[in-house]
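The values are calculated or read from the model by the stated rules, or taken from the named source; none is laboratory data. No experiment lies behind these values; they were computed from the predicted model shown. No Cβ is skipped: glycine too gets one built from the backbone with ideal geometry, and neighbour counts run over all protein chains shown. Protein only, heavy atoms only, side chains kept; ligands, DNA and RNA dropped before computing areas. Shrake-Rupley method; radii C 1.70, N 1.55, O 1.52, S 1.80 Å.
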Amino acid sequence: GQNIDQPTEMTATEGAIVQINCTYQTSGFNGLFWYQQHAGEAPTFLSYNVLDGLEEKGRFSSFLSRSKGYSYLLLKELQMKDSASYLCAVRRLRSGSARQLTFGSGTQLTVLP
Amino acid sequence: GAVVSQHPSWVICKSGTSVKIECRSLDFQATTMFWYRQFPKQSLMLMATSNEGSKATYEQGVEKDKFLINHASLTLSTLTVTSAHPEDSSFYICSARDWGGPDQPQHFGDGTRLSIL
């Protein structure tokens, strides 16, 4: 089976930096995704890691360590609109099946003025 | 970028009604689409993988006779919730992956909020 853990809630101040951690246990690992989801809306893609290291995309960066089963999403220069749920999702290869995503429970980030 | 359209966005209906939800990839072809369900303050749970031209693959615990999936073309998959009951009330979201390569992310539709009275 799979196990994906991320903190339930985090709070940070506008303009600050926040790091959201995600740990996972899975077989057939084939990549890790981060999505942002505002309440009542569908998730939107933020970043993707399949190899170890840091991927930077504007104010967002994501890091992966496959040996440790660990990833984090780093958000810089926080803005009020960044208040949302951040979902860590692991993709795995399953024989006879398309690559599927399994989502963590999400981290609800609240940005305070 | 890849766009996935989902319709309707909101459904309220009586218990026992069947409800059909459509998921379309607007600017790309998707041989595979995914259907998720999300309860309030919980994460997305994969219900089934929809394969164009063949039967859907259901996750454990999901009743295939209750949640009928049809993927008749490369741009359309439908989910029909048959004889819906209040416990089926949830947020249903579809996604599709653009076959630009294995690194392509899944793109999500806007979701359908289903409320069964």
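Surface analysis of segment A:1-66 yields an accessible area of 51 Å² per residue, using protein heavy atoms and a 1.4 Å probe.
Overall dimensions of the protein assembly as shown, expressed as equivalent-ellipsoid semi-axes from the Cα gyration tensor (√(5λ), whole Å, largest first), are 30, 21, 16. Taken over segment A:31-112, the convex hull of the Cα atoms encloses 105 Å³ per residue. Between B and A, buried accessible area from a 1.4 angstrom probe totals roughly 1600 Å², ignoring ligands, DNA and RNA. Counting only Cβ charges, +1 for Lys and Arg and -1 for Asp and Glu, the dipole size of segment B:32-117 around its Cα centre is about 100 debye. Rounded to two decimals, the Cα-based Rg/Rh of segment B:6-51, with Kirkwood Rh, is 1.00.
Solvent-accessible area assigned to carbon and sulfur over chain B amounts to 51 percent, based on a 1.4 Å probe. Taken along its three principal axes, the alpha carbon spread of segment B:12-117 comes to 42, 30, 26 Å, from the longest extent down to the shortest. Springs between Cα atoms under 10 Å define the GNM used for chain B, and in it the highest mean-square fluctuation of B:Cys13, B:Cys23, B:Cys94 occurs at B:Cys13.
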